[in-house]
Each structure stands twice: as C-alpha cells, then as structure tokens.
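Throughout, read-outs are computed from the coordinates displayed, never taken from laboratory work. None of these values were measured; they are calculated from a predicted model. Neighbour counts are summed over all protein chains in view; Cβ atoms, including those assigned to glycine, are modelled from backbone coordinates with ideal geometry.
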Amino acid sequence: EKYFLLPVLFSAPSYACKRRTTLKNHNTLLTEALSILAESAELNEDEGRGVAFRRAAAVLKCLPKAVSSMEQLRGLPCLGDHSMRVIKDILENGASSEAESTKQSERFKALKVLTGIFGVGAKTADRWFREGIHSLSQLQESGHTLNQAQQAGLQFYDDINLPVSKTEADAISEIVEKAVHAVLPGAEITLTGGFRRGKLTGHDVDFLITHPEEGKEEGLMPKVVSWLESQGFLLYQKTTRNSYLESKDGPGRPASNMDRFERCLSIFKLTKDRCVGQKQGTKQSATAVRVDLVVSPVSQFAFALLGWTGSKLFERELRRWAGHEKAMSLSSHALYDNKQSRYLRASSEEEIFAHLGLEYIPPTERNA
Ligand code: ATP
Ligand code: MN
Ligand code: MN
C-alpha cells in the first residue's frame with residue numbers, strides 16, 4: 001500500500017452559527033491580525049469591512065489545526081481577497097505588515113485609548129481625534145464637558161481596562177445574587193456573556209435576571225439598583241428602558257408592557273483582600289468592574305439568554321441565518337416566523353435552535 005502526503009484541506013459551514021467554535025484557537029497569529037483590522041474598520045465606522053474581517057477570523061478560529069499553506073484554505077467560506085492577502089503575508093513573513101502598521105498608527109492608538117473610556121464610542125473618539133485629542137491628558141486639558149458615564153469611565157479608566165477574572169466575576173455574582181434575592185426571593189440570576197461561554201477573563205460581567213412567575217420581575221431593576229447603592233457596591237449606574245416594541249399578540253405580554261424589559265450598565269466597586277505581609281494580616285483594596293444587568297420576563301428568557309450569551313458574531317450570524325435562510329426574525333425578545341405570520345415560543349435555547357432548523361450549539365462552542 002502506498003501513502004501520499006496531501007495537504008490537510010479544511011472545510012467549514014459559512015454561517016458561524018453552524019460551526020462549533022471553542023476557545024481552543026490553533027491560528028492565533030492569523031486571527032489576531034484579522035481582529036486588529038476588524039477593530040480598525042469598526043473604529044472608522046466601516047461596519048461592512050469590520051464584519052468581513054470578523055467573519056474571516058471566525059472561520060480560522062474553528063479550524064482543528066494551524067494553517068500552514070494557502071492551498072489548505074481552498075474551499076473555506078468568508079475569506080475574501082483582502083483577508084487572503086493578510087493570511088499569505090503572515091504565512092510567508094511571520095507577520096502581517098498591514099496589521100502591524102495599523103497597530104502602530106497614531107490614529108488607531110489614539111482611538112483605542114479614547115474608546116477605552118466607558119461611554120465613549122467610535123464617533124466621539126473620532127471627533128476628538130480630529131480636534132487633536134490623542135490622549136487622556138489632552139482630553140482632560142481640552143475642557144470638553146463629559147457626560148456622567150464618561151466621567152466615571154475616566155475616573156476608573158485603569159481598573160476598567162484591566163481584564164476581569166473569573167474569580168472577580170464569581171465575587172460579583174454573589175453580590176448580584178444577594179441583591180436580587182433581598183428584593184425578590186425566587187428570582188433567578190444567570191451569568192451570560194463571555195463567562196457563560198467559558199472565557200477565563202472578560203471586559204465586563206453580564207447577568208440576566210428573571211422570575212419563574214411571569215410579571216413578578218416587573219419593577220425589579222430599580223429595586224436591585226437601590227439595594228446595591230445602599231450597600232455601597234455601585235460606583236456608577238445607568239438604567240435604560242428597552243425601546244423594543246412588539247405587536248399585541250407577541251409572546252407573553254401586551255405591547256404596553258414591553259418597556260419593562262430593562263437594562264442597567266454599571267460600574268461595581270469590588271473589594272478584594274490583598275495580603276500585605278504576615279504581621280499586618282490583610283488590607284482591603286478596591287477595584288472597579290463593569291457589570292451589565294438585564295431583567296427579562298420568563299416568557300422571553302430563552303431569547304434573552306441566547307441573545308446575551310454571544311459571541312457578537314455568533315449572534316449576528318444567527319440573525320442572518322434566521323432572516324436569509326428561514327424567513328424568520330430573531331431578537332433577544334422573540335422569534336417571528338414571517339411565513340406563518342406568528343411568533344414561535346421557546347422556553348429553552350435548544351427549542352430556539354430547533355425552530356431555526358439548526359443543530360444545538362452549547363455556549364462553550366459559540367466563541368466565533
Ligand atoms: P467580553 O468578555 O469582552 O465582555 P462578551 O461576549 O461578554 O465579551 P459583551 O459586550 O459583554 O461581550 O456582550 C455580551 C452579549 O450581550 C453579546 O452577545 C451581545 O450581543 C449582547 N449585547 C451587548 N450589548 C447589547 C445591546 N445593547 N443590546 C442587545 N444585546 C447586547
Ligand atoms: Mn461581557
Ligand atoms: Mn456586556
């Protein structure tokens with residue numbers, strides 16, 4: 001018998017929501033370069049270009065091995081000419097000259113610093129950059145009036161830009177649980193976002209709160225926030241009503257009740273015990289952590305859970321799949337079937353995948 005050495009050919013479905021993407025990435029050199037270019041496009045508010053690079057990076061993230069030659073990529077979806085040039089550059093030269101020069105550009109560096117301020121998006125950062133503001137000190141000297149979020153963002157800049165550890169996320173979970181149970185016994189708290197996908201660090205901690213009895217969750221957020229405030233856990237918070245509107249026969253509740261779906265973007269004060277030598281024992285020190293809280297009625301819980309678990313690209317691809325392949329509209333509230341002109345109910349993520357004609361992908365495999 002003869003054996004031939006053939007290159008490993010990769011293949012993958014073109015929708016990220018049909019792929020199993022764990023945190024094990026065999027192509028970090030490639031995906032990091034493509035992510036820099038995606039980030040740069042997003043900072044330039046070029047969403048189309050950003051998504052194209054994100055999709056290319058996501059395809060490489062799910063490959064079972066490191067890419068070693070361009071031939072292996074034949075037949076893979078989502079790899080456009082530009083992404084292919086970037087990959088070729090890295091395979092041939094060990095790095096992408098475009099990603100490297102982007103990373104070192106004054107504009108990219110400045111926009112990263114400025115959008116690192118909580119409450120500052122790409123638009124604001126770009127405006128400031130064009131006014132010659134490239135650093136935090138230049139911003140402070142500029143005399144610009146900052147809103148409350150931005151003031152807090154600047155005040156806690158260093159802490160907020162430090163990754164949140166799983167240990168810190170667990171400590172925050174305990175606090176949130178205590179707060180929620182103090183104001184509504186029986187309410188349920190679920191960790192969502194990157195930590196639910198198994199990530200060991202995050203830029204924030206995300207929670208979804210519900211109550212098994214529909215309607216019991218009403219008015220919960222302000223009470224939770226008051227409790228947290230009274231205990232001194234909040235450095236900043238802004239509660240916003242969800243603007244989502246739905247027709248009267250939507251799942252669970254009439255349109256007039258829809259504005260009860262609330263979200264709170266906050267900054268928590270987390271005290272940690274830090275050992276400062278055996279004689280003195282321990283001394284308290286504090287850090288600031290970004291926390292997102294969402295309250296959902298139980299009838300919408302599965303949709304909210306799916307929508308807040310991410311990754312962002314996985315979510316985007318789920319909605320694209322629903323719209324383009326199934327004539328359905330998926331949101332964090334509901335799934336609407338355009339052909340049947342009705343909402344499809346679901347009480348678990350598994351049911352939503354089934355409605356969408358997709359194999360179930362668990363959270364740890366949604367790291368696209
Ligand atoms: P990280 O570890 O960096 O926090 P993450 O995946 O948790 O990563 P987040 O920005 O916290 O990222 O978002 C978590 C999820 O919440 C994402 O899937 C995103 O789609 C969803 N999400 C974030 N902001 C909104 C929003 N304004 N409306 C609806 N969903 C949102
Ligand atoms: Mn998060
Ligand atoms: Mn978040």
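Geometric descriptor of the stretch 1-147, per residue, is 134 Å³ (volume of the convex hull of the Cα atoms). In the structure shown, the pairs LYS61/LYS339; LYS18/LYS61; LYS24/LYS272 are assessed against 24 Å; a Cα-Cα span above that value is assigned to LYS61/LYS339; LYS24/LYS272. Note on the stretch 322-362: percent of Cα-Cα distances in each 5 Å bin, starting at 0 and stopping at the bin with the largest distance, equals 6, 25, 36, 25, 7, 1. Computed over the stretch 160-236, the range of Cα coordinates on each principal axis works out to 35, 27, 15 Å, biggest value leading. Ordered from longest to shortest, the equivalent ellipsoid semi-axes for the stretch 72-115 are 26, 13, 6 Å, each the square root of 5 times a Cα gyration tensor eigenvalue.
Normalised Debye scattering of the chain at q = 0.09, 0.10, 0.14 Å⁻¹ gives log10 I(q)/I(0) of -0.62, -0.76, -1.34, counting only Cα atoms as equal scatterers and leaving out solvent.
Comparing GLY80, GLY310, GLY193 in a Gaussian network model of the chain where C-alpha atoms under 10 Å apart are linked, the largest mean-square fluctuation is found at GLY80.
Cβ crowding within 10 Å, taken as a proxy for footprinting-reagent exposure, orders MET328, MET70 from fewest neighbours to most as MET70, MET328. Here is the list for the stretch 1-69: GluC sites (Glu not before Pro) lying in DSSP coil, each with at most 12 other C-beta atoms within 10 angstrom of its C-beta, are GLU1, GLU45. Each residue of the stretch 44-59 is assigned a 3J(HN,Hα), and the resulting list reads 8, 6, 9, 5, x, 5, x, 5, 4, 5, 4, 5, 4, 4, 5, 4 Hz, derived from the Karplus form 6.51 cos²θ - 1.76 cosθ + 1.60 (θ = phi - 60°), x at Gly and Pro.
Put a plus charge on the Cβ of each Lys and Arg, a minus charge on the Cβ of each Asp and Glu, and nothing anywhere else: the dipole of the stretch 1-63 about its Cα centre is then about 460 debye. Scaling the Cα radius of gyration of the stretch 35-84 by the globular reference 2.2 N^0.38 Å produces a ratio of 1.18.
Per-residue ellipticity at 222 nm computed for the chain from its helices equals -11500 deg cm²/dmol, with DSSP H segments shorter than 4 residues left out and the rest contributing -39,500 (n - 2.57). The translational diffusion coefficient of the stretch 87-138, from Stokes-Einstein at 37 °C and 0.692 mPa s with a Kirkwood hydrodynamic radius over alpha carbon pairs, comes to 270 µm²/s. Result for the chain in a Gaussian network model with C-alpha springs under 10 Å: among ASN44, ASN25, ASN338, the largest mean-square fluctuation is at ASN338. What are the chymotrypsin sites (Phe, Trp or Tyr not before Pro) within the stretch 1-109 that DSSP puts in a loop, where the Cβ has at most 11 other Cβ atoms within 10 Å? Loop-located and lightly packed - TYR3, PHE4.
Mean sequence separation of contacting Cα pairs (under 8 Å, at least six apart), scaled by the length of the chain, corresponds to a relative contact order of 17 percent. Normalised radius of gyration (Cα atoms, divided by 2.2 N^0.38 Å) for the stretch 151-195: 1.43.
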